[in-house]
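Right, one structure below, let's go through it.
The values are calculated or read from the model by the stated rules, or taken from the named source; none is laboratory data. Please read these numbers as outputs of a predicted model, since none were measured by experiment. Quick reminder, even Gly has a Cβ in these numbers, built from the backbone with ideal geometry, and neighbours come from all protein chains shown. For accessibility, only protein heavy atoms count, side chains too; no ligands or nucleic acids. Shrake-Rupley method; radii C 1.70, N 1.55, O 1.52, S 1.80 Å.
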Amino acid sequence: MADGSTTGASRRDFLVGGGASLGLVLSFSLAGSAGAAETAAKLNSYVRIAPDGIVTIINKNPEVGQGIKTMLPMLIAEELDVDWAQVRTQQADGDPATYGRQIAGGSLATPMHWDELRRVGAAGRSMIVAAAAAKWGVSAAECTTALGVVYHKASGRKAGYGTLAALASEQPAPTLSKVTLKDPATYHIIGRPMIQVDTPAIVTGKPLFGIDVTVPGMLFATYEKAPVFGASVASADLAAAKAVKGVTDAFIIEGGTALDGLLPGVAVVATSWWAARKGRERLNIQWADHPTSKQSTASFEAEAVALSKATAPFRPRNDGDVDAALKSAAKTVKAAYSYPFISHANLEPQNCTASWVNGKLEIWAPTQNPEPGRQMVAKTLGIPASDIALHMIRCGGGFGRRLNNDYMVEAAWISRKVGAPVKLLWTREDDMRHDFYRPAGWHFLEAGLDAQGTVTAWKDHFVTPGEKGTPSRSAGMASTEFPALFIPNFRYDLSILESQIPTGPLRAPGSNALSFVMQSFIDELAHEAGADQVAFRLKLLGDQKVVGPPMQGYGAERMRGVLKLVAEKSGWGRAMAPRTGLGVSFHYSHLGYFAEVAEVAVADDGTVKVKKVWVGVDVGRHIINPAGAMNQIQGSVLDGLSGALHQKITIENGATVQSNFNDYPLMRISEAPAVEVHFLLSENSPTGLGEPAMPPAPPALTNAIFAATGVRLRSLPVDTDLLRKA
């Protein structure tokens, strides 16, 4: 079911086909309400067991490099009790009627599928055991399984799953909620480090990604949109573009006003992408005036300061009496923090292949969110969504960018216009200048400390981009954002800065910026209190197990656990060389509790070298694929450090200034520190790892820089000029 609950499944729900040549095919409906699978035209087959014992498991969600094509099949394979060496995985197409919600985002794959997919495997194992028992004339309770083989120890008989597959397809399907799951002590797949199934193909250059797709008769397209977001085309020299050898067509698309949909622009189609690009260079497009051209980073910064001095129109949280607590505080601390727009900068630029044939559309898209893309294409082209076949292709990075599907609707429109298959490929400049950026933000903070160094008051006037009183996408802040609930007198004021800059989720949305602000200001308070940074944070976390509503509160005990763990592993408190320091931070997001310590050295010229990062992790009782988990955590930390050290998108005259890696640098291998990860297993259900390691990295870095230099950095990216030794 879509809500994550399970229902009993009839034999028709659970099985498709049968017979000696096909073997056993297992299906399980996660879509809709109870009985939805009965009316579905197609059941979602997750498992195929061939007569030769090869087990094929379908990965339902998009693969964007997070290892989901390996991890989700591991859940099924474990409970099916097969040999992982005999498992093959396949990527599902976009098919919500069969698979329910298909998305790569929010670190949701593990918490949403931990129980359901294990039950699919357990049900399959139950049916195979029943088949063996029926064949041998014994009780199923007398049979055991291991590595794809059923054993009857009393008689010494055994049979491979492949030889039992056809007979198993005739067995009654068990009620999924009642299947017996394995004792975790017997796991031989879950908890073992597994190489991603696509790794051999990736390292040998096999075509896997959207950018690699080819279909017969395919043309190539480029699509140029206005530098000022949403501006329309005033004129374009289409004839000059068509005169380029290889160009087959060039045309203006009127488009609409939705920044995440089909915007106005000019398409050039050719027999090669290079020809399409050369034709584009001849267009000489003139763009119409647009109101967004008045916006700039400088104007946003000035307006944020002005708004901070005015009464905020919104007050999402107001606990206690902040003003009285500040007035009576032994010390008060004020600080203003800010962070910029940043780009996703995934290494594979946006692309999509579309083929319009006889009024129907076929799409090959590297998307994180396939079904909203299908629906947008259907609405824009005025066709039924059922007339669109959507193939999910592996993404060369996403980080939230491919939750939007603007490139998909562009490719679809162009293909219909030319009546041929078309691969649309953005340039790097297109990608960076037409992103849905991590929003910028400004925080104006004040806190009070009593004589014992306890935080008694905290107020934050948050100024964030938005429109008509509503924050832009991913630009808001929850009223429970830490340290809310932990300080008796707490105020959160909110002002909206009018902006038409496109924004959206970027790895650990919201948290990736808010952690920098909160953990940096906490660091300031600890310094003013004359307290050790770790001890100060432990004191702030208090001694309760959970703070807030039951089942929804902040796991203070879990955060204390990872904070103590990372302090121990990093050797917190040890003597440091001159201009070298340790910085600590923690953050809760996406159901994960993370604490991190960074060690940095700052050269006399201000250059920052991150020497090492230690990470303490609590994401529950099981780490499904330790190899994938390590990759995700280490990559998230490096991603956070890269943004904090280098990355900033600036807006001038309503357009993005940066265009490529020459003016928007990413962390180089030579800059990357060692990242040491330590897991703290807890009695909680397993949760995701794609995002929650990123938010603590920037403040751990800047807090370490303060420890090394005494310079407090309150804006990102790091300004090395401020760190030069006098």
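Regarding the stretch 284-292, can at least one residue be identified that is more than 27 Å from Leu390 (Cβ to Cβ), of a type outside the set (Phe, Trp, Tyr), under 32 Å from the mean Cα position of the chain (by Cα) and open to solvent by less than 70 Å² (accessible area, probe 1.4 Å)? The answer is yes, given that some residue of the stretch 284-292 is more than 27 Å from Leu390 (Cβ to Cβ), of a type outside the set (Phe, Trp, Tyr), under 32 Å from the mean Cα position of the chain (by Cα) and open to solvent by less than 70 Å² (accessible area, probe 1.4 Å).
When you scan the stretch 586-684 for strands (runs of 3 or more DSSP E) that lie fully inside it, which ones turn up with 1 or more residues that are open to solvent by 50 Å² or more (accessible area, probe 1.4 Å), among the hydrophobic types (A, V, I, L, M, F, W, C) and closer than 30 Å to Met112 by Cβ? By residue number, 674-679.
All told, Gly230 meets the bar of being touching a helix residue (DSSP H, G or I) at 6+ places or on another chain (Cβ under 9 Å), in the same structural domain as Gly382 (by TED's automatic domain parsing) and of a type outside the set (Val, Ile, Thr). The single condition among (1) surrounded by fewer than 20 Cβ atoms within 10 Å (Cβ to Cβ); (2) more than 21 Å from Ala104 (Cβ to Cβ) that Leu347 does not satisfy is (2).
Checked against (1) open to solvent by 10 Å² or more (accessible area, probe 1.4 Å); (2) assigned to a loop (DSSP other than H, G, I, E, B), Ala508 passes all but a single condition, namely (1). Each residue in the stretch 330-344 was checked for being assigned to a strand (DSSP E or B) and open to solvent by less than 20 Å² (accessible area, probe 1.4 Å), and 6 pass. Cβ separations smaller than 8 Å between residues 6+ apart or across chains give the following pairs from the stretch 170-182 residues that are assigned to a helix (DSSP H, G or I) to residues that are of a type in the set (A, V, I, L, M) and surrounded by 14 or more Cβ atoms within 10 Å (Cβ to Cβ): Leu176/Ala9; Leu176/Val120; Leu176/Ala123. Cβ-Cβ distances below 6 Å connect the following pairs, each with a first residue in the stretch 455-469 that is assigned by TED's automatic domain parsing to the domain that holds Pro313 and more than 29 Å from Gly542 (Cα to Cα), a second residue that is assigned to a strand (DSSP E or B) and open to solvent by less than 10 Å² (accessible area, probe 1.4 Å), and a separation of six or more residues or different chains: Val463/Ser495; Val463/Leu497; Thr464/Gly441; Pro465/Leu497. The combined condition, being touching a residue at least 60 places away in the same chain (Cβ under 8 Å), more than 26 Å from Val228 (Cβ to Cβ) and touching an Asp or Glu at 6+ places or on another chain (Cβ under 8 Å), is fulfilled by Lys331.
State all residues of the stretch 549-585 that are in contact with a strand residue (DSSP E or B) (Cβ under 7 Å, 6 or more places away or on another chain), over 13 Å from Ala707 (Cα atoms) and surrounded by fewer than 23 Cβ atoms within 10 Å (Cβ to Cβ); if no residue qualifies, say none. Matches in the stretch 549-585: Gly553, Tyr554, Gly555, Arg558, Gly561, Leu565, Lys569.
Thr454 fulfils the conditions (1) more than 22 Å from Val517 (Cα to Cα); (2) open to solvent by 30 Å² or more (accessible area, probe 1.4 Å); (3) of a type outside the set (A, V, I, L, M) except for a single criterion, (1). If the condition is being touching a residue at least 60 places away in the same chain (Cβ under 8 Å) and open to solvent by 20 Å² or more (accessible area, probe 1.4 Å), then the stretch 692-718 contributes Phe706, Ala707, Thr709, Arg712, Arg714, Ser715, Leu716, Pro717. If you check Lys327, Lys379 for being outside any strand (DSSP E or B), within 24 Å of Val422 (Cβ to Cβ), open to solvent by 30 Å² or more (accessible area, probe 1.4 Å) and not aliphatic (A, V, I, L, M), only one passes: Lys379. Answer yes or no: is there a residue in the stretch 284-299 that is within 22 Å of Arg428 (Cα to Cα) and out of contact with any strand residue (DSSP E or B) (no Cβ under 9 Å at 6 or more places or on another chain). No. Can you name the residue in the stretch 536-548 that is surrounded by 15 or more Cβ atoms within 10 Å (Cβ to Cβ) and more than 31 Å from the chain's Cα centre (by Cα) and, of all such residues, is farthest from Val637 (Cα to Cα)? Checked the stretch 536-548; the qualifying residue farthest from Val637 (Cα to Cα) is Lys539. Residues in the stretch 396-416: is at least one closer than 30 Å to Asn318 by Cβ, open to solvent by less than 10 Å² (accessible area, probe 1.4 Å) and of a type in the set (A, V, I, L, M)? Taking every residue of the stretch 396-416 in turn, none turns out to be closer than 30 Å to Asn318 by Cβ, open to solvent by less than 10 Å² (accessible area, probe 1.4 Å) and of a type in the set (A, V, I, L, M). Can you find a residue that is touching a residue at least 24 places away in the same chain (Cβ under 8 Å) and hydroxyl-bearing (Ser, Thr, Tyr) anywhere in the stretch 381-388? Checked the stretch 381-388: no residue is touching a residue at least 24 places away in the same chain (Cβ under 8 Å) and hydroxyl-bearing (Ser, Thr, Tyr). Return yes or no: is Gly279 closer than 23 Å to Tyr407 by Cα and within 31 Å of the chain's Cα centre (by Cα)? For Gly279, the condition - closer than 23 Å to Tyr407 by Cα and within 31 Å of the chain's Cα centre (by Cα) - is not met.
For every residue, the table says whether it meets (1) open to solvent by 10 Å² or more (accessible area, probe 1.4 Å); (2) assigned to a helix (DSSP H, G or I).
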residue	(1), (2)
Glu429	yes, yes
Asp435	no, no
Phe462	no, no
Arg491	yes, no
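Taking Asn358, is it in the same structural domain as Ala276 (by TED's automatic domain parsing) and surrounded by 24 or more Cβ atoms within 10 Å (Cβ to Cβ)? Taking the combined requirement at face value, the residue does not satisfy it.
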